[in-house]
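Worksheet for the structure shown next.
Bear in mind that the values in this text are calculations on the coordinates, not laboratory data. Just so we're clear, the structure is a prediction, and the values are computed from it rather than from any experiment. Here the Cβ positions follow ideal geometry from the backbone for every residue, glycine too, while neighbour counts run over all protein chains shown.
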Amino acid sequence: MVTTRRWLFGLSALLLAVPPAYGERLPFKSYTTADGLAHDTVIRIVRDSRGFLWFCTMGGLARFAGDTCVSFATEEGLPADRVNDLLETHGLTFRTRAHRRGPADR
């Protein structure tokens, strides 16, 4: 019984002696189509060997270079607007896995 009281007293003293920790507020920026993103719904994010971030979206593919997005869609040669995945192969070429609309999507 005395040991339990000492343990509780020691724990209480320890908790009171430790100053409260406050989380650091990190900068956060969200990007939308107004910033050049191909679509507001992002399916996957891939980083390539050069450090670019690629966003696979419902409306195409977007390359993010740190401050701006460059978007690619069917007009630029993608097989479909919805891009599910991106794979970088040798020679800095890319392969996409796109979603083609079928009867269930109409």
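Some points to look at:
- Between residue 33 and residue 12, the distance separating the two model label sites (each 7 Å from Cα on the Cα→Cβ line) works out to 6.1 nm.
- Computed on the stretch 3-70, the Cα convex hull volume stands at 181 Å³ per residue.
- Length added when fully stretched, residue 65-residue 26, from 0.36 nm per residue minus Cα-Cα: 12.0 nm
- Label positions at residue 4 and residue 48, each projected 7 Å from the Cα along the C-beta direction, are separated by 6.6 nm.
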